[in-house]
Amino acid sequence: MSGSPNLSRPRAILFDWDNTIADGWLAVTMGLNAAFDAFGMPNWTNAETKARARRSIRESFPPIFGDDWQKAAEIFQRSYAESQLAHVQKMPGIDSLLEAARPYPCAVVSNKDGHFVRREASVLGLTQYFNTIIGAGDAVRDKPDPAPFELALSPAGLRPGPDIWYVGDTALDMQAAHECGCIAVLLGDAAHDGGVKALQNSNFAPHAHFIDADIMAAWLKMLA
């Protein structure tokens, strides 16, 4: 599937970060395993991280580490900060996609800590494409709550709604878009969430799907 002919021109486009704009999974896995090692817990493979890491640290660590979650978070963040820039790269075709999205106000809404996302965007030379870059901890609550979406859109004087696209690669991204009343745009094959058909049959089915960034870029150019 390459897209939906029913899509109309958006007022703004919001993007997820990891596995949508950038690939920094190896550093995430290294950081998680540093925290797991400190508490004698089994390590995750990179594939397991892609399949399991969805929510922000303040939401995902307490169920895993219990009362020690803040100490575990400090270990993760220290390890991640040391390795992130050595292991982050752009997703394929992302330059053409962001160039095609230039006519629209664009922003990032991620569940990675905001300072890490902004650092990666700067190093990858992508800051220029976004009005705002919002990550975990920047709003009062994290994705899928509407709060970070409202914060990301506020500089453009906009609010979440059916004229706003949210582009992501996971079921949680599609859920977040639905709960904000935005258009849920799936990018990629969703292999880490059971595949595209699994998401299409879920309660938060994507409104549109693009198998890769180049196809989505071509669609945006056509809309423009």
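The criterion of at least 3 residues that are crowded, with 17+ Cβ neighbours inside 10 Å is met by the following helices (runs of 4 or more DSSP H) wholly inside the range 1-87: 25-38, 57-65, 69-87. Determine, yes or no, whether Ser60 is in contact with an Asp or Glu (Cβ under 9 Å, 6 or more places away or on another chain) and hydroxyl-bearing (Ser, Thr, Tyr). Judged against the criteria, Ser60 is not a match.
So that you can scan it fast, the table gives a plain yes or no per residue for (1) in contact (Cβ under 8 Å) with a residue 60 or more places away in the chain; (2) among the acidic types (Asp, Glu); (3) closer than 25 Å to Ser8 by Cα:
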| residue | (1), (2), (3) |
| --- | --- |
| Ser96 | yes, no, yes |
| Arg119 | no, no, no |
| Tyr129 | no, no, yes |
| Thr132 | no, no, yes |
| Val140 | no, no, no |
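Consider the range 187-197 and keep the residues that are assigned to a helix (DSSP H, G or I) and either free of Cβ contacts under 8 Å to residues at least 12 places away in the same chain or among the polar types (S, T, N, Q) (or both). The one that is farthest from Arg54 (Cα to Cα) is Lys197. Kindly establish whether Ala136 is touching a Lys or Arg at 6+ places or on another chain (Cβ under 8 Å), surrounded by 22 or more Cβ atoms within 10 Å (Cβ to Cβ) and modelled with pLDDT of 95 or more. Criteria met by Ala136.
Residue selection: Ala184 satisfies the criterion of being small (Gly, Ala, Ser), under 21 Å from Asn19 (Cα atoms), in contact (Cβ under 8 Å) with a residue 12 or more places away in the chain and touching a His at 6+ places or on another chain (Cβ under 6 Å). Of the helices (runs of 4 or more DSSP H) entirely within the range 108-184, those holding at least 1 residues that are in the same structural domain as Trp17 (by TED's automatic domain parsing) and closer than 24 Å to His207 by Cβ occupy 147-153, 171-180. Determine whether the range 46-56 contains at least one residue that is of a type in the set (Lys, Arg) and under 20 Å from Asp212 (Cα atoms). Taking every residue of the range 46-56 in turn, at least one turns out to be of a type in the set (Lys, Arg) and under 20 Å from Asp212 (Cα atoms).
Scan the range 5-18 and tell me whether some residue there is over 28 Å from Leu187 (Cα atoms) and outside the structural domain of Val123 (by TED's automatic domain parsing). Let's see the steps before the verdict.
So the first thing to find is which residues in the range 5-18 are over 28 Å from Leu187 (Cα atoms), and the list is none.
Within the range 5-18, not a single residue is over 28 Å from Leu187 (Cα atoms) and outside the structural domain of Val123 (by TED's automatic domain parsing).
The values are calculated or read from the model by the stated rules, or taken from the named source; none is laboratory data. On a predicted model such as this, the values are computed, not experimentally measured, just so you know. No Cβ is skipped: glycine too gets one built from the backbone with ideal geometry, and neighbour counts run over all protein chains shown.
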